[in-house]
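In what follows, a structure is listed as structure tokens, so that the remarks can point back to it.
The values are calculated or read from the model by the stated rules, or taken from the named source; none is laboratory data. Since the structure is predicted, the reported quantities are computational estimates derived from the model, not experimental observations. No Cβ is skipped: glycine too gets one built from the backbone with ideal geometry, and neighbour counts run over all protein chains shown.
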Amino acid sequence: MAKKNTTIMTAPDIERSLTRMALQMMEDNRGIKKLGLIGIHTGGVFLADRLQKIIKEHEGLELPVGYLDITLYRDDWSLVSQNPIVKKTAIPFSVEEYTLILIDDVLYTGRTIRAALDAIMDLGRPRVIQLAVLINRQCGRELPIQPNYWGLDVHENLTDHVHVILQEKGGRDEVVLESD
């Protein structure tokens, strides 16, 4: 049986969601002097850059942005590949006493976020860590992790897949639900 692909977010939907999330982040963190964005490789990196740009356009504030690779922090990395591809972690500010907003494209089981929290804690002790995701999958959570900010809640079957396609990865902006 062929898989069925359904577009659940278009480019304007993604832009609108990111703008709403950015404005909410600024409202919730008003007056915080040490506020930074951390994108998780790969999709979270592009979303962190976009959120930084939206915040600068609306608030006139350029938040520091960092990028985090969690490959070696994953509890399943040896099952995925014997030769994992490790990307660069680049956080150009100390995380000490910062309020960090961790950014990823999809929250599903929570294991990627758990790995990211471990990686951040190895860099220092932030004041607070918040979570922002474009897609919050409601089915399949394995750890008690919930986002502070999200673009779209998706209620689907465990066998379905969510694909976030971004122009920075050579596509056009859309989110596609692939189901049986």
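So the values come out like this:
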| quantity | calculated |
| --- | --- |
| Tabulated pairs, region 91-120, first more than 16 Å from ARG141 (Cα to Cα) and among the charged types (D, E, K, R), second at pLDDT 95 or above and in a helix (DSSP H, G or I), C-beta under 9 angstrom, 6+ apart or interchain | GLU96/LEU123 |
| Residue list for region 125-139, filter: of a type in the set (A, V, I, L, M) and within 13 Å of the chain's Cα centre (by Cα) | ILE129, LEU131, ALA132, VAL133, LEU134, ILE135 |
| Region 104-161, subset closer than 17 Å to ASP13 by Cα and of a type in the set (Phe, Trp, Tyr), residue surrounded by the most Cβ atoms within 10 Å (Cβ to Cβ) | TYR149 |
| Qualifying residue in region 159-172 (condition: in a loop (DSSP other than H, G, I, E, B), at pLDDT 95 or above and out of contact with any strand residue (DSSP E or B) (no Cβ under 7 Å at 6 or more places or on another chain)) | yes |
| In region 57-106, residue nearest to ASN148 (Cα to Cα) [restricted to those that are modelled with pLDDT under 95 and aromatic (Phe, Trp, Tyr)] | TYR73 |
| Members of region 3-33 found to be without any contact (Cβ under 8 Å) to a residue 60 or more places away in the chain, closer than 27 Å to GLN167 by Cβ and either over 18 Å from the mean Cα position of the chain (by Cα) or loosely packed, with under 14 Cβ neighbours inside 10 Å (or both), listed by number | PRO12, ARG16 |
